[in-house]
Amino acid sequence: MSDEISVRLQKVRKIYGLSQRELAKRAGVTNSSVSMIEQGRVSPSLSSLEKLLKGIPMNLRDFFSINFDDHSDCFFRGYQMFSRSDKHIDYYRLAKDQEDSRSHLSYEVYGPGSDTGESMLVDPGRASGFVVQGSLEVIINSQLEALEAGDGFIVEAGHPYRFRNVTDTKAILIINRCPH
């Protein structure tokens with residue numbers, strides 16, 4: 001148990017960006033106490049560990065429940081995301097592949113003159129997004145707006161919509177499409 005606590009404490013301390021000295025100072029213990037626990041030379045009592053964790057701050061339950069062996073895909077580099085191109089539009093979804101349904105957040109690049117198509121799109125769930133660069137013409141139901149960088153929209157489930165870039169520069173859209 002002492003080895004597990006020592007490894008766990010060191011990992012947690014580093015996640016929070018604390019030196020041994022800083023953790024000791026915050027918890028009101030000596031620097032050597034933290035060092036000896038992390039080296040596995042001393043096994044702290046639960047009350048001592050609890051006192052030490054208050055310097056992070058973290059409770060015992062959270063300390064013991066962190067799964068350091070979980071190497072699930074949490075971070076995505078641009079080249080790792082699911083992507084596709086269609087009609088001068090590049091789509092990048094925060095996912096490893098098309099089947100990965102953990103996120104419905106997309107980064108879409110609309111080239112000059114691009115259009116999602118003459119047929120309106122209809123999603124079974126709500127969609128919302130922000131234009132982060134350029135300008136996009138957004139049609140929702142029968143409403144038309146030219147949205148500039150910083151502007152956003154919400155499309156309710158089942159409502160038709162369409163995006164067009166009628167400018168000569170690219171437009172970038174961040175959009176979240178909820179499935180239901």
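Computed from the coordinates by the stated procedures, all read-outs in this text should not be read as laboratory data. These numbers come from a predicted model, not from an experiment. Heads up, the Cβs are rebuilt from the backbone with ideal geometry, glycines too, and the neighbour counts pull from every protein chain shown.
Observations on the model:
- Non-local Lys pairs in the chain, i.e. 8 or more apart or on different chains, that have alpha carbons under 26 Å apart: 11
- Here GLU38, GLU118, GLU22 are placed in order of increasing Cβ neighbour count within 10 Å, fewest first, which gives GLU118, GLU22, GLU38.
- Amide H contacts of MET58 (H built 1.01 Å from N, under 5 Å, at least 5 apart or other chain): none
- Protection proxy ranking, peptides 4-14, 145-155, average beta carbon neighbours within 10 Å, highest first: 4-14, 145-155
- Label assignment, Cα extents along the principal axes in Å derived from the structure, set (i) 45, 34, 32; (ii) 100, 50, 32; (iii) 70, 29, 29: (iii)
- For the stretch 1-45 versus the stretch 101-132, the gap between their alpha-carbon centres in whole angstrom: 48
- Most positive-pole-ward Cα, ALA171, VAL155, GLN10, against dipole of the chain from beta carbon charges: GLN10
- Angle between the chain longest axis and helix 2-15 axis [Cα atoms, degrees, rounded to 10]: 40
- Basic side chains Lys and Arg get +1 at the Cβ, acidic Asp and Glu get -1 at the Cβ, and with that the dipole of the chain about its Cα centre reaches some 1140 debye.
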